[in-house]
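In what follows, a structure is listed as structure tokens, so that the remarks can point back to it.
The values are calculated or read from the model by the stated rules, or taken from the named source; none is laboratory data. Everything numeric here is computed off the predicted structure, so don't read it as measured data. Please note: Cβ atoms are built from the backbone with ideal geometry, for glycine as well, and neighbour counts cover all protein chains shown. We work out accessible area using only protein heavy atoms, side chains counted, and drop any ligands, DNA or RNA first. Shrake-Rupley method; radii C 1.70, N 1.55, O 1.52, S 1.80 Å.
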Amino acid sequence: MIRTLALGLVAAASLSTVAVAAPRSADAIRSVEASAQVDPRDGGAQIELANAYARAGRSGEAATVYRRALTLDNVMLETRTGDAIWSHQVARHMLASATVLAAR
């Protein structure tokens, strides 16, 4: 099953300049957290949660959830533009981007 995410071109994003359409408000983040808790082994839900945290400026929490996603099954995700991307690819890219930014 391919999961459609509210992702922009995440491959061109970083934790500080996330190009994802993830929620910013506390209520919206709580909603994404609740969805991720329904099935904590769902890598797609974890990526959505990490993106929501990143979009809200909660980069530490985002990094933790991206790392968690890497321990789960690698699932195919679909971006808003219809592109397919693997959950591990998203998580690795976002973590690498955060490391590069922190080193500057």
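General remarks:
- Residues within the stretch 76-98 that are within 16 Å of Leu49 (Cα to Cα) and polar (S, T, N, Q), tallied: 3
- In the set (1) hydrophobic (A, V, I, L, M, F, W, C); (2) modelled with pLDDT of 95 or more; (3) touching a Gly at 6+ places or on another chain (Cβ under 8 Å), Ala21 fails one condition alone, (2).
- One residue stands out in the stretch 74-85 among those that are closer than 23 Å to Ser31 by Cα and not polar (S, T, N, Q): the one that is least open to solvent (accessible area, probe 1.4 Å), namely Leu77.
- Residues that are open to solvent by less than 70 Å² (accessible area, probe 1.4 Å) and not hydroxyl-bearing (Ser, Thr, Tyr), drawn from the stretch 86-98: His88, Val90, Ala91, His93, Met94, Leu95, Ala96, Ala98
- Scanning the stretch 38-67 for residues that are under 11 Å from the mean Cα position of the chain (by Cα) and farther than 22 Å from Ser25 by Cα, we see that the one that is least open to solvent (accessible area, probe 1.4 Å) is Gly43.
- Extreme residue, farthest from Glu33 (Cα to Cα), among residues of the stretch 46-72 that are modelled with pLDDT under 95 and not in a helix (DSSP H, G or I): Gly57
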